[in-house]
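So the structure is just underneath, and the comments pick up after that.
The values are calculated or read from the model by the stated rules, or taken from the named source; none is laboratory data. Since the model is a prediction, treat every value here as computed from it, not as a measurement. Cβ atoms come from the backbone with ideal geometry, glycine included; neighbour counts cover every protein chain shown.
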Amino acid sequence: MRIVIVGAGQAAASMAARLRAQGHDGPLTVLGAEPLAPYQRPPLSKAYLLGQMGLDRLVLRGPEWWQDQGIDLRLGETVTAIDRTAREVVSDRGRLAYDALALTLGAVPRRLPASMGGHLPGVHVIRTLADVDALAPAMQPDRRLIVIGGGYIGLEAAAVARKLGLQVTLIEAAPRILGRVAAPETAKLIRELHHAHDVKILEDIAIERILGEPRATGVSLADGRELPADIVVTGIGVAPETALAEAAGLRIDNGIAADEQGRTSDPAIWAAGDCASFPWQGGRARLESVGGAIDMAEAVADNMRGADRPYQPKPWFWSDQFDAKLQIAGLGTGYDRIVTRQGDGAHGGSVWYFRADRLIAVDALNDARAYMIGKRLIEAGRSPDPDAIADAADLKALLS
């Protein structure tokens, strides 16, 4: 069986490794548009941007591994179309036949339109190695950085910039930071952390446009204020990369729609990682996380080989900001009750999400114990009484 994987990120590397480990000895090709072998993305906006991690540590597998595994890793090659009738992918270097095709295309950062100045030099996004390599030289002490967007990427960029000595203002158009992904209680913990490090956060205020010609010099706000800037970073979310799949006529629904095994609307084509959505609690979900990419990619690899194994997501995430670590287990969507616990340090604590008295997620800031216990409870399908969590002297007792 000839297997082709399009997209060379975390999901592709995990899928290729799993296929070989599970005994697939047929032709296996991975096509990636970037010139670098699959690498870790989370450190880009943190340790790599700070200069604490080199390129050699970013790469997931060295060149000798790909050779030893007999995997044809083709880098700098862009796939332009899928010919489903001929079962071939079309790239800027020719055509390649497949028996099974996996799409691990990831996601792309949303950008401000050119009419709002999103095209100006000095305006950056953070997604790829090239993005961060373009941003890093500008991150000099005492320069003024404006971050647009109060999600995790924007907050991480703000934290790194302050560590590097920049003056930082973060602007969030929604009523509060982390409005889409976390409860107000978690947002409060993160807001206080940033305030303690002199990050200025403006919430519930939209931007009119990025100012400057020929390069960005500031931001105009909807209330008439104009804020000067030497650098602008936009962290306004990502969109699943679906253009290739859509052009091929595959079903799109919050990403490339896959069934519980990872198969798309074409039985010969599979999808995994940030680009793929899957059935979840009566709807469709998509996990933008390293853990989700690995787990789904491995499930798809098994199912390509006939395992008939439903993908069972176990959502977990993390975010490093300053010297604090936020760890998240589960998905808090649709919660109806929140329980909070104070942590031991100045910036710490945990937020427990319930829906109909069922524990569905935990956010833990500088509280690894709460995270591990919450994660074990969620994965076991166990839900302690909310009051017991609030009052427990020792969270470990909840596991007994």
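Of the residues in region 118-140, none is among the aliphatic types (A, V, I, L, M), in a helix (DSSP H, G or I) and under 30 Å from Arg337 (Cβ atoms). Within region 104-127, the residues that satisfy the criterion of being touching a residue at least 12 places away in the same chain (Cβ under 8 Å) and under 16 Å from Thr217 (Cα atoms) are Leu112, Ser115, Met116, Gly117, Gly118, Leu120, Pro121, Gly122, Val123, His124. Out of (1) in contact with a strand residue (DSSP E or B) (Cβ under 7 Å, 6 or more places away or on another chain); (2) touching a residue at least 12 places away in the same chain (Cβ under 8 Å); (3) surrounded by fewer than 22 Cβ atoms within 10 Å (Cβ to Cβ), what's the single condition that is false for Arg93? Checking Arg93 against (1) in contact with a strand residue (DSSP E or B) (Cβ under 7 Å, 6 or more places away or on another chain); (2) touching a residue at least 12 places away in the same chain (Cβ under 8 Å); (3) surrounded by fewer than 22 Cβ atoms within 10 Å (Cβ to Cβ), the one that fails is (1). Restricting the first member to region 64-79 and to residues that are assigned by TED's automatic domain parsing to the domain that holds Leu28 and closer than 14 Å to Gly9 by Cβ, and the second to residues that are exposed (fewer than 15 other Cβ atoms within 10 Å of the Cβ) and not charged (D, E, K, R), the beta-carbon pairs closer than 6 Å and six or more apart or on different chains are Leu75/Pro35.
Within region 248-260, residues that are more than 17 Å from Ile82 (Cα to Cα) and of a type in the set (Ser, Thr, Tyr) reach no partner that is modelled with pLDDT of 95 or more and buried (at least 16 other Cβ atoms within 10 Å of the Cβ) with beta carbons closer than 8 Å at six or more positions or on different chains. Scanning region 223-244 for residues that are within 29 Å of the chain's Cα centre (by Cα) and of a type in the set (Gly, Ala, Ser), we see that the one that is nearest to Cys275 (Cα to Cα) is Ala239.
Restricting attention to region 361-400, the residues being farther than 25 Å from Ala324 by Cα and surrounded by 15 or more Cβ atoms within 10 Å (Cβ to Cβ) number 4. Candidates are the residues of region 21-68 that are modelled with pLDDT of 95 or more, surrounded by fewer than 16 Cβ atoms within 10 Å (Cβ to Cβ) and not hydrophobic (A, V, I, L, M, F, W, C); the one that is farthest from Tyr98 (Cα to Cα) is Glu64. Asp99 fulfils the conditions (1) among the charged types (D, E, K, R); (2) surrounded by fewer than 16 Cβ atoms within 10 Å (Cβ to Cβ); (3) within 30 Å of Ala268 (Cβ to Cβ); (4) in the same structural domain as Ile190 (by TED's automatic domain parsing) except for a single criterion, (4). Of the strands (runs of 3 or more DSSP E) lying entirely inside region 263-360, those containing at least 2 residues that are surrounded by fewer than 16 Cβ atoms within 10 Å (Cβ to Cβ) are 283-285, 337-342. Can you confirm whether Pro43 is closer than 17 Å to Ala130 by Cβ, outside any loop (DSSP other than H, G, I, E, B) and in contact (Cβ under 8 Å) with a residue 12 or more places away in the chain? When the stated conditions are applied, Pro43 passes them.
Scan region 52-81 for residues that are under 18 Å from Ser319 (Cα atoms) and assigned to a loop (DSSP other than H, G, I, E, B) and the total you get is 2. Within region 257-294, being of a type in the set (D, E, K, R) and under 23 Å from Pro109 (Cα atoms) holds for Asp274, Arg284, Arg286, Glu288.
Taking region 242-262 as the range and being acidic (Asp, Glu) and either surrounded by 21 or more Cβ atoms within 10 Å (Cβ to Cβ) or touching a Lys or Arg at 6+ places or on another chain (Cβ under 8 Å) (or both) as the test, only Asp253 passes.
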